[in-house]
Amino acid sequence: MNEEQFDDIDLLEEGDEAGGDGQLYEHFRFSADAGQVAVRVDKFLLEHLPHSSRSRIQKAADAGMIFVNGKAVKSNYKVRPLDVVTMMMDRPRHDDTIVPEDIPLDVVYEDDVLMVVNKPAGMVVHPGCGNYKGTLVNAVAWHLRNMPSYDPNDPEVGLVHRIDKDTSGLLLVAKTPEAKSELGKQFYNKTTHRSYQALVWANFTDDNGTIEGNIARDPRDRLRMEVFSPTSDIGKPAVTHYRVVERFGYTTLVECVLETGRTHQIRAHMKHIGHPLFGDERYGGTEILRGERSASYKAFIQNCFKLCPRQALHAQTLGFVHPVTGRQMDFDSPLPADMAALLGKWRAFIAGTNRDTFEE
């Protein structure tokens, strides 16, 4: 559901420009409570900056940007009760105010209190580290610039849910606090309907099924999510129902219906059951996981990746009850050109292939 901003600490990379004045600027400040158990400062900050990574925090410490009680410390410093830990950077913190931008917006439906938009793949939903402009909410802010009551920086209005940058499809926007509150309740109570089309690696034994497993951040790679047992205390419960739509032998087109809306839910769940999304680099979907060893097959797969250079995932349908009229609202978004071309290529492939050669 969420378009995560994974890096709380936006360290400069080689070739970037710092402020140049030698001054350090405070970005984060955390105070340890009176019962704080002694813990390394890098671990302490990792707990307070969940969208960062330990290596980035350690890099900041090595650069002299982590301070405790006003003094620079290394990452092995032990935080003690009432310590004040600050993260300093060599340029001011980025202003994340949402500014209207004249960006094309595919509006599927709109009325006085809400709108449904069709997001293209590659567009970030909300400004975050490294993506402060050109996002969907910047486009929405421009579209609603003449609506005095709509403030794009007010969290009580705007996007009701999110999808990942490289996922295409339908999103719901609330124009009023009342509409967002009511629609948010529907998502929380699981009364909305959302289905996705996904091309995944490998064939399925069954025509349909359900994946249940808690989802939490992968402790080995904080840019990914990991699936844990539903009986585990780790992560949040997540349920995905799937149905086979079309089989291509080495890949399968499935429809996924969400009961919950966790970060990377479909991507993580499909990876968990051995069916990573085709083209999903983060979850191993850009490896050739099924098929032939021939050079021609490898070339075919590489051409497929070029046709659809992202995870093959599309938020196709969206259903909810209108917060004012009480009327059921249902929307459908056709597959975008890249996914349509990808499926066409697979259909052509199996049409010329002996199905008995397909691996299970």
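Excluding ligands, DNA and RNA, the accessible surface per residue across the chain is 49 Å² with a 1.4 Å probe. Region 182-230 and region 279-336 have Cα centres spaced 14 Å apart. Give the shape of region 291-356 as rounded, prolate or oblate, defined through the alpha-carbon gyration tensor: a ≥ b ≥ c are the square roots of its eigenvalues, a/c under 1.5 means rounded, and otherwise the shape is prolate if a/b is larger than b/c and oblate if not. Here region 291-356 falls in the prolate category.
Toward the positive end of the charge dipole of the chain, with +1 on the Cβ of Lys and Arg and -1 on the Cβ of Asp and Glu, the farthest Cα among Tyr150, Ala268, Gly184 is that of Ala268.
By the Stokes-Einstein formula, at 1.002 mPa s and 20 °C, the chain with its Kirkwood radius over alpha-carbon pairs has D equal to 94 µm²/s.
For region 129-192, just say rounded, prolate or oblate: build the C-alpha gyration tensor, square-root its eigenvalues into a ≥ b ≥ c, call rounded for a/c under 1.5, and beyond that prolate if a/b exceeds b/c, oblate if not. Oblate, since a/c reaches 1.5 and b/c is not below a/b. Among the trypsin sites (Lys or Arg not before Pro) in region 263-298, those located in a DSSP loop and surrounded by at most 13 other Cβ atoms within 10 Å of their own Cβ are Arg293. Given +1 at the Cβ of Lys and Arg, -1 at the Cβ of Asp and Glu and no other charges, the dipole of the chain around its Cα centre is 860 debye to the nearest 20. Under 1.5 on a/c is rounded, so check that first for region 40-83, then, if it is not, pick prolate when a/b is larger than b/c and oblate when it is not; a ≥ b ≥ c are the square roots of the alpha carbon gyration tensor eigenvalues. Judged from the Cα gyration tensor, region 40-83 comes out oblate (a/c at least 1.5, b/c at or above a/b).
You can think of it this way: the chain between Phe30 and Asp233 has 70.4 nm of extra reach, that is 0.36 nm per residue less the Cα-Cα gap. A cut-off under 12 angstrom between Cβ atoms defines the neighbours of Val254, and their net charge, with Lys, Arg +1 and Asp, Glu -1, is -2.
As a fraction of the 1.4 Å probe accessible area of the chain, surface on carbon and sulfur atoms comes out at 48 percent. Under 5 Å between amide hydrogens, built in the peptide plane, is the criterion, and for Met329 it picks out Phe320, Val321, His322 among residues at least 5 positions away or on other chains. Between the beta carbons of Gln328 and Met147, assuming R0 = 35 Å, the FRET efficiency works out to 0.85 to the nearest 0.05.
The values are calculated or read from the model by the stated rules, or taken from the named source; none is laboratory data. Not measured: the values here are computed from a predicted model. All Cβ positions, glycine included, derive from the backbone under ideal geometry; neighbour counts span all protein chains shown. Just the protein is used for accessible areas: all its heavy atoms, side chains included, with ligands, DNA and RNA removed. Shrake-Rupley method; radii C 1.70, N 1.55, O 1.52, S 1.80 Å.
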